[in-house]
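K.L.:
Structure provided below as structure tokens; questions to follow.
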Amino acid sequence: MARFHIPLMLTPALAVIVLLFGGGLLMALLQSVGYVPSIGRTDFNLEAYRRVFGSPAFGRSLLLTVWVAGVSTAVSTLLALIAALALRRAFRGKRGATFIFQSNLPIPHLVGAIAILFLFSQSGFLARLGHGLGLIHSPADFPALVFNRYGLGIILEYMWKSSVFIGVILLATLQTIGHDYEDVARTLGANNWQRFRYVTLPLIRPGLLAASILVFAFTFGDFEVPLLLGARYPSALPVLAYRLYTNVDLNARPEAMALSVIIAAISAALLLAYVKLTRGM
């Protein structure tokens, strides 16, 4: 009986995950292959996938989503690495600096997106402040960081949140490995860059890559931030799927579900890569 103790304890939580997430994914998969009885479509086919892959909107949305996720992840990783290396050192006020650095962790992405909207839009606080100080002729002269085709406002929000998430993981990793290896390298004549390049970076690389993959997977499949801060066209893949799903023409429902399945498949592949990396750590 003891051997079944842990599986039995996990059964309620697993049942919720299987029924809600698994059931929703199964329904999405069925509708993506044409099975939508509510509108009289019961024939299984791949027409929705052909229309999705053949649509110019899909290609543009995919490029935008990869661009936003890639740039925000890369910049966040760099900022997190710099912050973790700085906070690792002993200095006066380290506890306060660490607290301030981690202070945005409990803030939801939705709140961060609204803050970016209020601060960086052409009718936001910074635009009005610049106009009031005489730096620009009108708020409309402020750079269009929000609702632009390159997703700059979206990237700003993800950088603000993700850099702290990755930084906390890196800081914990650095504290775990300690200073012994670097001290040995220092005694052998290695300078600061050589210690970082050949000692510190290889030690933290698994954790760095794992955290970056998690952030990329999240930003790739996130919905509310691109919806609030992104342009109407092109839009991120999750936003495109939402708009297809809420289309008054229910015949667009299979395309929305096909797009959702594609996003889920890409996210699952990224999570499998994360699991593989963490097992090798």
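The values are calculated or read from the model by the stated rules, or taken from the named source; none is laboratory data. Keep in mind it's a predicted model, so treat the numbers as computed, not measured. Glycine also receives a Cβ, built like all others from the backbone with ideal geometry; neighbour counts cover every protein chain displayed.
K.L.:
So how many residues does segment 22-58 have that are within 27 Å of the chain's Cα centre (by Cα) and either within 16 Å of PRO238 (Cβ to Cβ) or not in a helix (DSSP H, G or I) (or both)?
P.N.:
8
K.L.:
List the pairs whose first member sits in segment 244-271 and is surrounded by 15 or more Cβ atoms within 10 Å (Cβ to Cβ), whose second member is basic (Lys, Arg) and part of a helix (DSSP H, G or I), and whose Cβ atoms are under 7 Å apart, counting only residues at least 6 apart or on separate chains?
P.N.:
Qualifying pairs under 7 Å: TYR245/ARG253; GLU255/ARG51.
K.L.:
Now, a different point. Can you tell me how many residues in segment 129-172 are of a type in the set (Gly, Ala, Ser), more than 23 Å from ALA231 (Cβ to Cβ) and buried (at least 19 other Cβ atoms within 10 Å of the Cβ)?
P.N.:
2
K.L.:
Within the bounds of segment 122-131, is there any residue that is farther than 30 Å from LEU63 by Cβ and among the charged types (D, E, K, R)?
P.N.:
The answer is yes; a qualifying residue exists.
K.L.:
Shifting gears a bit: Which fully enclosed helices (runs of 4 or more DSSP H) of segment 148-224 have 2 or more residues being in contact (Cβ under 8 Å) with a residue 24 or more places away in the chain?
P.N.:
Values: elements: 152-177, 180-187, 192-195, 201-221.
Output list reads 152-177, 201-221.
K.L.:
Right, another one. Considering only residues that are part of a loop (DSSP other than H, G, I, E, B) and within 23 Å of LEU214 (Cα to Cα), which ones fall in segment 74-116? Spell out the reasoning first.
P.N.:
First, pick out the residues of segment 74-116 that are part of a loop (DSSP other than H, G, I, E, B): 89-93, 103-108.
Within segment 74-116, SER103, ASN104, LEU105, PRO106, ILE107, PRO108 qualify.
K.L.:
Can you report the number of residues in segment 117-130 which are outside any helix (DSSP H, G or I) and either out of contact with any Phe, Trp or Tyr (no Cβ under 9 Å at 6 or more places or on another chain) or touching a residue at least 24 places away in the same chain (Cβ under 8 Å) (or both)?
P.N.:
Total satisfying the criteria: 2.
K.L.:
Further question on the same structure: If you go through segment 90-108 one residue at a time, how many are closer than 14 Å to SER163 by Cα, under 20 Å from the mean Cα position of the chain (by Cα) and either modelled with pLDDT of 90 or more or surrounded by fewer than 14 Cβ atoms within 10 Å (Cβ to Cβ) (or both)?
P.N.:
Total satisfying the criteria: 4.
Here's the yes/no breakdown for (1) out of contact with any Phe, Trp or Tyr (no Cβ under 8 Å at 6 or more places or on another chain); (2) surrounded by fewer than 14 Cβ atoms within 10 Å (Cβ to Cβ); (3) modelled with pLDDT of 90 or more:
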| site | (1), (2), (3) |
| --- | --- |
| LEU62 | yes, no, yes |
| VAL66 | no, no, yes |
| THR73 | no, no, yes |
| THR77 | yes, no, yes |
| ARG88 | yes, no, no |
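K.L.:
Please verify whether segment 134-143 includes one or more residues that are within 30 Å of LEU237 (Cβ to Cβ), small (Gly, Ala, Ser) and in a helix (DSSP H, G or I).
P.N.:
Scanning segment 134-143, I find no residue that is within 30 Å of LEU237 (Cβ to Cβ), small (Gly, Ala, Ser) and in a helix (DSSP H, G or I), so the answer is no.
K.L.:
Another question, then. Quickly run through segment 42-69 and pick out the residues that are of a type in the set (Asp, Glu) and either under 17 Å from PHE223 (Cα atoms) or touching a residue at least 24 places away in the same chain (Cβ under 8 Å) (or both).
P.N.:
GLU47, the sole residue that qualifies.
K.L.:
Scan segment 235-251 and tell me whether some residue there is among the hydrophobic types (A, V, I, L, M, F, W, C), over 15 Å from LEU63 (Cβ atoms) and not in a helix (DSSP H, G or I).
P.N.:
Quick first cut of segment 235-251, residues among the hydrophobic types (A, V, I, L, M, F, W, C) only: 236-237, 239-241, 244, 248, 250.
Of the ones still in play, those that are also over 15 Å from LEU63 (Cβ atoms) are 241, 244, 248, 250.
Still in the running and not in a helix (DSSP H, G or I): 248.
The answer is yes, given that some residue of segment 235-251 is among the hydrophobic types (A, V, I, L, M, F, W, C), over 15 Å from LEU63 (Cβ atoms) and not in a helix (DSSP H, G or I).
K.L.:
Still on this structure, please answer the following. Taking the options LEU214, LEU209, name whichever one is buried (at least 19 other Cβ atoms within 10 Å of the Cβ) and closer than 30 Å to LEU63 by Cβ.
P.N.:
LEU214
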